[in-house]
Amino acid sequence: MRIARFTTGDDPRFGFVQTENGKDFLAVVNGDPLYMPVTPTGERIEIGDGVRLLAPVIPRSKIIGVGRNYADHAKEMGNEVPTSPLLFFKPNTAVIGPDDPIVLPDFTSEASYESELAVVIGRITKDVTPERALDHVLGYTVANDVTARDAQRTDGQWARAKGFDTSCPIGPWIETELDTEALGVSSRVNGETRQDGNTRDLVFDIAFLVSYISEAFTLLPGDLILTGTPAGVGPIVEGDRVECEVEGIGVLSNPVVRRGV
Ligand code: MG
C-alpha cells in the first residue's frame, strides 16, 4: 500500500495511491493512517493538476541519519567503513515534500545531494531485537539527505551541515509492502545520473539499524531512519533539479534555490 499526504489547497489530507491505466489516483481517507485506524471517504482524486503531494510524514520526534553505510561512498569521501553505525540527527524542521525547493543557506558554497532509502517507524520501539525489528516498521520512503559539505568538514558536529531548513526532502509517499533486500538507489541532477547504487550493499541492514538505534533512543511512530547513501554524491547549485529514486517506491524531485539576500 502507498500512503500519500496531499493538499488540494486546504488542510493536508491522506490517501492511498492506486494506479489504473497508468494514472495514479488517491483514495482519500479520514484521519492520519500513521497514528490511527482510518476509513475511506469514498472520494477519489487523480494525482495531477490541482493536487500537491506533501511530505508523507512530519516526524513528531526525530530523524536519525546513518553515515557511511555504503562502502563505496565511505571510500569516495576518504573515510573508512565504520565498525558500528555512525548516527546523527536531522530536526523535523528540515523536512520538505516533493517539488518543494531545497533552499541553500548562506553559510554553504558546497551543498550535496544524498539519495537514500528512508525507514518509517510504525510503533513505539525500544530495545527491539533484529529479529523483531521489521515488525516495528510501517513502511519506506525516499529521502534526500542534503548536506553542506563545507560545514560538515569545519564544524566537527554535523548538526548545521545536515540539519538546516529544507535539508530533508522526503516522498513521494510511504510504501508499506516492500522487500528492501536489493533495491536500486539512484539520483539524477538535471536529468543526468549521479548515483546508481543498491541496498544489497548496505553495510548495516535495516533490521540491525532499527535494533541498534532503539538501544539508544525510543523510536516513535512517524520517526524516520535515513539508511545512508551510495557513491556518486556531488554538488547542487541554484537552478538545479535533483531527483532521488528508490526502486519500488518512486521518484522524489526537488528544485534547488538560494535564499535571496
Ligand atoms: Mg546520508
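For the range 1-24, the tally of residues that are of a type in the set (A, V, I, L, M, F, W, C) and over 22 Å from the mean Cα position of the chain (by Cα) stands at 0.
Just so you know, in the range 75-93 the residues that are among the polar types (S, T, N, Q) and more than 17 Å from residue 157 (Cα to Cα) include one that is farthest from the chain's Cα centre (by Cα), and it is 83. With a requirement of 2 or more residues that are without any contact (Cβ under 8 Å) to a residue 60 or more places away in the chain, the strands (runs of 3 or more DSSP E) lying completely within the range 206-261 that satisfy it span 241-246.
How about the range 94-130: which of its residues are more than 14 Å from the chain's Cα centre (by Cα), within 16 Å of the ligand (Cβ to nearest atom) and either closer than 20 Å to residue 210 by Cβ or open to solvent by 10 Å² or more (accessible area, probe 1.4 Å) (or both)? So that I can check it myself, show each step before the final result.
Going residue by residue through the range 94-130, those that are more than 14 Å from the chain's Cα centre (by Cα) are 101, 103-112, 122-130.
Among the residues that remain, those that are also within 16 Å of the ligand (Cβ to nearest atom) are: 108, 110-112.
Selection gives 110 alone.
In the range 140-160, which residues are open to solvent by less than 40 Å² (accessible area, probe 1.4 Å) and either within 15 Å of the ligand (Cβ to nearest atom) or among the hydrophobic types (A, V, I, L, M, F, W, C) (or both)? Those that are open to solvent by less than 40 Å² (accessible area, probe 1.4 Å) and either within 15 Å of the ligand (Cβ to nearest atom) or among the hydrophobic types (A, V, I, L, M, F, W, C) (or both): 141, 142, 143, 144, 145, 146, 147, 148, 149, 151, 152. Checked against (1) hydrophobic (A, V, I, L, M, F, W, C); (2) within 13 Å of the chain's Cα centre (by Cα); (3) within 15 Å of the ligand (Cβ to nearest atom); (4) open to solvent by 10 Å² or more (accessible area, probe 1.4 Å), residue 173 passes all but condition (3).
The values are calculated or read from the model by the stated rules, or taken from the named source; none is laboratory data. Keep in mind the model is a prediction, meaning the values are calculated, not measured. Counting neighbours? That spans all protein chains shown, and the Cβs are built from the backbone with ideal geometry, glycine included. What goes into the accessible areas is simple: the full protein's heavy atoms, side chains included, and nothing from ligands, DNA or RNA. Shrake-Rupley method; radii C 1.70, N 1.55, O 1.52, S 1.80 Å.
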